[in-house]
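Worksheet: the structure to be examined is printed underneath.
The values are calculated or read from the model by the stated rules, or taken from the named source; none is laboratory data. Keep in mind it's a predicted model, so treat the numbers as computed, not measured. Note: ideal-geometry Cβ built from the backbone for every residue, glycine included; neighbour counts use all protein chains shown. Side chains are part of the model used for accessible areas, which takes the heavy atoms of the whole protein and leaves out ligands, DNA and RNA. Shrake-Rupley method; radii C 1.70, N 1.55, O 1.52, S 1.80 Å.
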Amino acid sequence: MKFKLSYILVTMLALGVTAVHAEQKSVRLTDASQQQSLHENLTPEQARQAILKMAGEYQVTFRFEEIYPAKNGYDINPPDISKGFETVIVLENTPNKISLQHLLMVGEHVVKHWRQDWTYEPTTKWSYIGNYEWKKVQLTPEQSKGKWLQTVWQVDDSPRYAGLGVWVKDHGIESWSSQATYRPLPRRELTTRDDYDVISGTNRQAITSEGWVHEQDNIKYDSKTKSALTRELGINTYVRVTKTDFKPAYTYWEKNKAYWGSVRLAWDKAFQENEVLGLRFTRQKDSDKDAHYMHFMKQAEKFAGKNVPEKQLNEATKTLLNEELTTGHMK
């Protein structure tokens, strides 16, 4: 049977094998009480600093690999691997909230990529409920105590998923892990697949010596047939770079940050006024004129680099979002 090299390497590392004839050395592990001290929760300030470490300039490798089938007759797809350069900028930095915006560069082309918001001990969160709808969920103090909520937003600042977790230091590694959350198809497959409609995924984000890593453990699920297709692992590595010119990304953001600030305000208002929000589902191909993100990108081009009054921007983005919503409405 032919095994993938990546699987063999992972297995060897998991078993502690570094060489076929490696010398076996006994290692005395610390006792249970000392082991406990190697795993500790970060304080709110330590967690804030860990989150802020994700800001910066990176070369990013996006790798997603289906590792086994869960449904009879399902054929595993080849690994999906892509690379790019990304700068992560801080939009907001307060004691209880940090917002990080990702800007992806492919050559000279700049894509406003995903956004991650971090909120400490939140009282509410948004949960994906299928059919391209998100529902407001109230959180009790017990549910959110000591935890950080990560909310992930799509390229047009529409919601994707939100998960609660604790920032910890485990044997010196700072990381955060979420509980399982539902989310719609990622755009990398939304344009090509229709055999499943939901991902149930858990996330872990860890600070590394070179930058940070975003790990995903995903189950691809077809809600219509109530069957899982496959399990997928995602490992997105962010390695700091110093010789890449990110000027196109910063130029883009300078011209467009006022517009996207108004879009975020519109979504905030929509979330405050509604219990459920829904968008029109499309395959989000560039040729699809109904794709919601295309409408916002087109409106962003209209206002890019222009000195438009804030009130006019806010009214324009509010009107467009109301047009795109299929469930919910802003007053």
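At a glance:
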read-out: Where N is the number of residues in segment 98-180, Cα Rg divided by 2.2 N^0.38 Å; value: 1.26
read-out: Contour minus Cα-Cα distance for ASP194 and GLU142 (0.36 nm per residue); value: 14.8 nm
read-out: Cα-based Lys pair tally, segment 92-153, threshold under 24 Å, eight or more apart or on separate chains; value: 15
read-out: Pair ARG231, ILE67: separation of 7 Å Cα→Cβ label points (nm); value: 0.6
read-out: C-alpha center-to-center spacing [segment 164-234, segment 40-99] in angstrom; value: 9
read-out: Segment 199-331: mean projected area of Cα convex hull, nm²; value: 11.7
read-out: Nonlocal amide H pairs with LYS147, under 5 Å, H built at 1.01 Å; value: GLU121
read-out: Options GLN312, MET294, LEU265, ranked by Cα towards positive dipole end of the chain, top entry (Cβ charges); value: GLN312
read-out: Difference of contour (0.36 nm per residue) and Cα-Cα distance, ALA304 to GLU323; value: 4.7 nm
read-out: Average Cα contact separation per residue, segment 144-289, under 8 Å, 6 or more apart, as relative contact order %; value: 15
read-out: Rg/Rh (Cα only; Kirkwood hydrodynamic radius) as it applies to the chain; value: 0.98
read-out: The chain, helix-only ellipticity at 222 nm - DSSP H runs n ≥ 4, -39,500 (n - 2.57), divided by all residues, nearest 500; value: -8000 deg cm²/dmol
read-out: Ranked by how many other beta carbons lie within 10 Å on average, peptides 215-226, 45-56 from highest; value: 45-56, 215-226
read-out: Added length on full extension, which subtracts the Cα-Cα distance from 0.36 nm per residue, VAL90 to THR242; value: 52.9 nm
read-out: Candidate residues VAL276, VAL106: accessible-area rank, largest first, probe 1.4 Å; value: VAL106, VAL276
read-out: Proximal charge balance of LYS224 [Cβ under 14 Å; K/R count +1, D/E count -1]; value: 0
read-out: Those lysines that a straight Cα-Cα span of less than 18 Å connects to LYS318, excepting residues fewer than 8 apart in one chain; value: LYS257, LYS269, LYS298, LYS302, LYS331
